[in-house]
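Have a look at the structure below before the remarks.
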2 protein chains.
Amino acid sequence: MQLTSPYLLFLGSAKNRADAKTAVGISEWRPDKAIGEYALPECEVSVGLPKMGLEEAASKGVKTLLIGVANSGGYIPDSWIETIRKAITLGMDIANPMHTRLQAIHGIVDLAKTHGVALFNAREYTDHLPIGTGKKRSGKRLLTVGTDCSVGKMYSTLALEKSLKTKGKNCTFRATGQTGILIEGSGIPIDAIISDFIAGAVEKLAPANDDSHLDLIEGQGSLHHPAYAGVTMGLIHGSQPDYLVICHDPSRPHMRHLPDYELPSLSDCIRRNIEAAQLTNPNVAAIGICLNTFAMTEVEALEAIAKAERETGLPATDPIRFSVDKIIAAL
Amino acid sequence: MQLTSPYLLFLGSAKNRADAKTAVGISEWRPDKAIGEYALPECEVSVGLPKMGLEEAASKGVKTLLIGVANSGGYIPDSWIETIRKAITLGMDIANPMHTRLQAIHGIVDLAKTHGVALFNAREYTDHLPIGTGKKRSGKRLLTVGTDCSVGKMYSTLALEKSLKTKGKNCTFRATGQTGILIEGSGIPIDAIISDFIAGAVEKLAPANDDSHLDLIEGQGSLHHPAYAGVTMGLIHGSQPDYLVICHDPSRPHMRHLPDYELPSLSDCIRRNIEAAQLTNPNVAAIGICLNTFAMTEVEALEAIAKAERETGLPATDPIRFSVDKIIAAL
């Protein structure tokens with residue numbers, strides 16, 4: 001899967017920015033790739049791009065209608081189908097972050113064939129995947145890991161990439177989840193592939209490269225999460241990371257959705273992830289901490305950062321609120 | 001998937017017992033379930049069951065033709081198709097351990113429908129799977145783990161089950177790989193499911209049970225294997241094991257197919273598996289070591305067992321060559 005820009009971001013009936021997280025992510029991290037937004041009348045959100053009808057977007061050269069909105073359940077509601085069909089008729093590829101496959105829409109496969117457009121489901125990966133080999137490969141790789149799910153691994157990875165690119169560093173963001181894949185325009189949805197291939201998929205996603213090149217691999221799950229640690233473990237081994245950045249939400253009371261599970265300490269999280277990563281790269285090092293301090297005041301955030309630095313001896317920051325330069329300096 | 005016995009074991013063109021490992025496994029561990037074997041003329045193997053034509057098998061009440069043979073690549077060769085079609089025509093379900101799905105054989109889905117029979121692919125799981133919850137559940141569970149892949153986890157689990165059943169213990173073998181699934185007649189092929197569901201699948205496979213009941217869960221892969229550790233990690237968390245039995249092949253020079261990867265020591269393997277398992281069951285204990293001493297003389301095997309006991313302080317045995325009573329005594 002490799003999306004073709006420019007995109008038109010479809011916002012559906014989104015009521016808030018959380019509903020439109022993929023569109024928000026693209027406007028934040030890949031602003032050059034989207035030239036407009038299109039929403040249904042009841043939508044209450046904008047990502048700040050020019051509002052554009054489908055015909056206008058086509059006439060301005062839009063190549064892909066990117067569904068930038070989510071809903072509970074991840075299904076494609078009937079109210080979107082007319083938009084999707086019309087975009088196809090106008091020659092646009094469709095990119096879809098939902099659980100429902102585009103191909104499940106009645107008649108859409110034939111319509112796409114007639115108009116010579118591609119249908120991309122970001123939560124599906126149908127290309128061949130290899131079994132992991134664990135073979136040492138050239139280039140450097142950084143992986144974000146976390147104390148829990150949804151603590152800011154994708155945003156931290158993208159913030160590191162943005163800052164490194166600004167400094168002229170040769171690096172690539174490697175997306176492993178559906179939102180990251182739509183932001184980057186390519187990637188492998190690591191939690192949606194067959195379990196035997198987790199490590200091999202990451203070896204394919206972040207292959208051998210120039211010695212001066214750095215892959216920034218989006219982490220998933222957590223070694224400390226009872227549902228998703230398998231995915232995380234395979235991702236760590238396949239990444240063969242040189243550097244780990246640990247992501248953490250200091251305001252979280254327990255593991256996500258699991259009141260019976262405490263969050264690990266930062267130092268325990270570092271120790272476990274380093275130990276796992278040493279299997280495929282004995283020289284791996286933890287180089288920094290990214291905190292998600294969204295729920296805190298600035299004073300509280302700075303306190304949390306100072307505390308994390310005292311606990312771990314590593315540079316810490318909130319990659320959205322503050323700069324990631326401290327962590328990049330540790331590379 | 002729940003196979004119906006009695007089975008007729010199909011041996012294809014097997015040249016040796018390794019080719020026929022599923023049939024050998026059934027004749028070893030579930031001798032009551034198969035009443036005959038059927039092979040193509042060029043086959044050079046028998047598992048010691050009465051040789052039986054398809055019509056004879058049908059007249060004796062066979063319910064399932066079980067493909068008990070494997071080949072390199074895991075495909076269904078053309079030479080088997082006539083046998084499979086005829087068995088369907090005679091009213092038998094088909095059970096298939098190969099990578100190729102039965103449904104890929106031209107016309108077979110309609111033929112199965114016409115004759116009202118079921119097609120089982122042991123490497124595929126199509127039922128709904130839940131996300132893991134990590135919730136404490138009743139009953140006891142034992143999981144086999146290993147220093148590497150293919151060190152005897154399935155045979156060790158089955159040997160423990162056999163001995164426990166002989167002693168009247170209320171226990172169930174829970175199969176997680178295609179061979180184990182065909183031996184047991186049910187299970188979930190944990191390496192063939194979507195990675196997000198590994199732990200949840202094991203929670204479904206080995207659900208809450210009576211306090212006096214013991215599930216014996218077949219392990220997969222190894223936390224020390226760079227390709228498969230993700231599967232193993234999810235299996236450990238989903239199993240919520242009370243007991244771990246560590247499986248090891250003392251004659252193996254390096255990790256399977258990976259000359260650059262050394263095997264872990266038994267004590268390191270125990271420590272890592274216990275640490276992982278403590279996430280969902282803080283009371284987990286390693287209770288014994290199962291060695292695969294197939295390549296050794298009896299004297300060497302006894303020496304290896306004594307060495308493993310000295311190293312770990314746990315009872316050790318070869319579950320095929322000797323008894324597993326020492327380990328059961330530790331339960």
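The values are calculated or read from the model by the stated rules, or taken from the named source; none is laboratory data. If you're wondering where the values come from, they're calculated on a predicted model, not measured in any experiment. Positions of Cβ are generated from backbone atoms using ideal geometry, with glycine treated the same way; all protein chains shown enter the neighbour counts. Please note that ligands, DNA and RNA were not included when accessible areas were found on the heavy atoms of the full protein model with its side chains. Shrake-Rupley method; radii C 1.70, N 1.55, O 1.52, S 1.80 Å.
What average count of beta carbons from other chains do you get within 10 Å of the Cβ of residues in A:232-239?
5
Only sites in a loop by DSSP and with at most 13 other Cβ atoms within 10 Å count here; which chymotrypsin sites (Phe, Trp or Tyr not before Pro) in region B:249-331 make the cut?
In loop regions of region B:249-331 (DSSP not H, G, I, E or B), the sparsely surrounded chymotrypsin sites (Phe, Trp or Tyr not before Pro) are B:Phe294.
Place +1 on the Cβ of every Lys and Arg and -1 on the Cβ of every Asp and Glu in the protein assembly as shown, take the dipole about the Cα centre, and give the residue among B:Gly219, A:Val245, A:Gly313 whose Cα lies farthest towards its positive end.
B:Gly219
On the Cα set of region B:193-316, report Rg and Dmax in Å, please.
Answer for region B:193-316, Rg first and Dmax second: 15.5, 46 Å.
What is the mean projected area of the alpha carbon convex hull for the protein assembly as shown, to one decimal in square nanometres?
The orientation-averaged projected area of the Cα hull of the protein assembly as shown comes to 31.7 nm².
Subtract the Cα-Cα distance of A:Ile81 and A:Ser5 from 0.36 nm times their separation in residues, and report this length gain in nm to one decimal.
Values: separation 76, 0.36 × 76 = 27.36 nm, distance 2.15 nm.
The span from A:Ile81 to A:Ser5 would gain 25.2 nm if fully extended.
Could you report the buried accessible area between B and A, both sides summed, computed with a 1.4 Å probe and given in Å² to the nearest 100? Write down the numbers at each step before the final one.
Working: alone 14510 and 14500 Å², together 26290 Å².
Approximately 2700 Å² gets buried when B meets A.
Between beta-carbons, use under 11 Å as the cut-off and find the net charge around A:Asn283, counting Lys and Arg +1, Asp and Glu -1.
+1
Computed over the Cα atoms, what is the radius of gyration of chain B divided by 2.2 N^0.38 Å, N being its residue count?
1.01
Taking only the alpha-carbon positions of region B:1-109 and ignoring solvent, what does the Debye formula give for the base-10 log of I(q)/I(0) at q = 0.14, 0.21 Å⁻¹?
With one equal scatterer per Cα and no solvent, log10 I(q)/I(0) is -0.47, -1.15.
Only Cα pairs under 8 Å and at least 6 apart count here; give the relative contact order of chain A as a rounded whole percent.
Result for chain A is 15 percent.
With each label point set 7 Å from Cα along the Cα-Cβ vector, what nm distance links B:Glu28 and B:His128?
With each label placed 7 Å out from Cα toward Cβ, I get 3.8 nm.
Quantify how strongly other chains surround peptide A:196-204 by giving the mean number of their Cβ atoms within 10 Å of each of its Cβ atoms.
5
What is the Cα centroid distance between region A:53-85 and region A:209-288, reported in whole angstrom?
35 Å
Would you work out what percent of the accessible area of region B:107-244, with all protein chains in place, is carbon or sulfur (probe 1.4 Å)?
Result for region B:107-244: 51 percent of the exposed heavy-atom area is carbon or sulfur.
Give the aspartates and glutamates whose C-alpha is closer than 15 Å to that of A:Lys326, dropping any in the same chain fewer than 8 places away, or say none.
The qualifying aspartates and glutamates are A:Glu161, A:Glu309, A:Asp318.
How many Cβ atoms of partner chains, on average, are near each residue of B:217-227 if near means within 10 Å of its Cβ? Walk me through the numbers on the way to the answer.
Numbers: counts 0, 0, 0, 2, 2, 0, 4, 1, 5, 15, 15.
Mean shielding count: 4.
For the protein assembly as shown, what is the accessible area per residue in Å², given a 1.4 Å probe and the full set of protein chains?
Per-residue value: 40 Å².
Please tell me the relative contact order of region A:223-331 in percent, rounded to the nearest whole number, where contacts are Cα pairs under 8 Å and at least six residues apart.
28 percent
Report, to the nearest whole %, how much of the accessible area of region A:26-75 belongs to carbon and sulfur atoms, 1.4 Å probe, protein only.
The C+S portion of the solvent-accessible surface of region A:26-75 is 52 percent.
For region A:245-265, state which residues have at least 40 Å² less accessible area in the presence of all protein chains than in their chain by itself, taking the probe as 1.4 Å and leaving out ligands, DNA and RNA.
A:Tyr261
Can you tell me which of A:186-192, B:264-270, B:142-148 comes out highest on packing, and rank the rest after it, using the mean Cβ neighbours within 10 Å?
Descending mean neighbour count gives B:142-148, A:186-192, B:264-270.
In the structure displayed, which of A:Lys21/A:Lys153; B:Lys140/B:Lys167; B:Lys15/B:Lys86 lie more than 19 Å apart, Cα to Cα? Numbers along the way, then the final one.
Details: A:Lys21/A:Lys153 15 Å; B:Lys140/B:Lys167 17 Å; B:Lys15/B:Lys86 23 Å.
Where the Cα-Cα span goes over 19 Å, the pairs concerned are B:Lys15/B:Lys86.
Round to the nearest 0.05 the FRET efficiency obtained for B:Ser138 and A:Ser59 when R0 = 60 Å and r is the Cβ-Cβ distance. Intermediate values should be presented prior to the final figure.
Values: r = 65 Å, r/R0 = 1.08.
E between B:Ser138 and A:Ser59, to the nearest 0.05, is 0.40.
Between B:Ser265 and B:Glu303, how high is the FRET efficiency from 1/(1 + (r/R0)^6) when r is the Cβ-Cβ distance and R₀ = 22 Å? Nearest 0.05.
0.80
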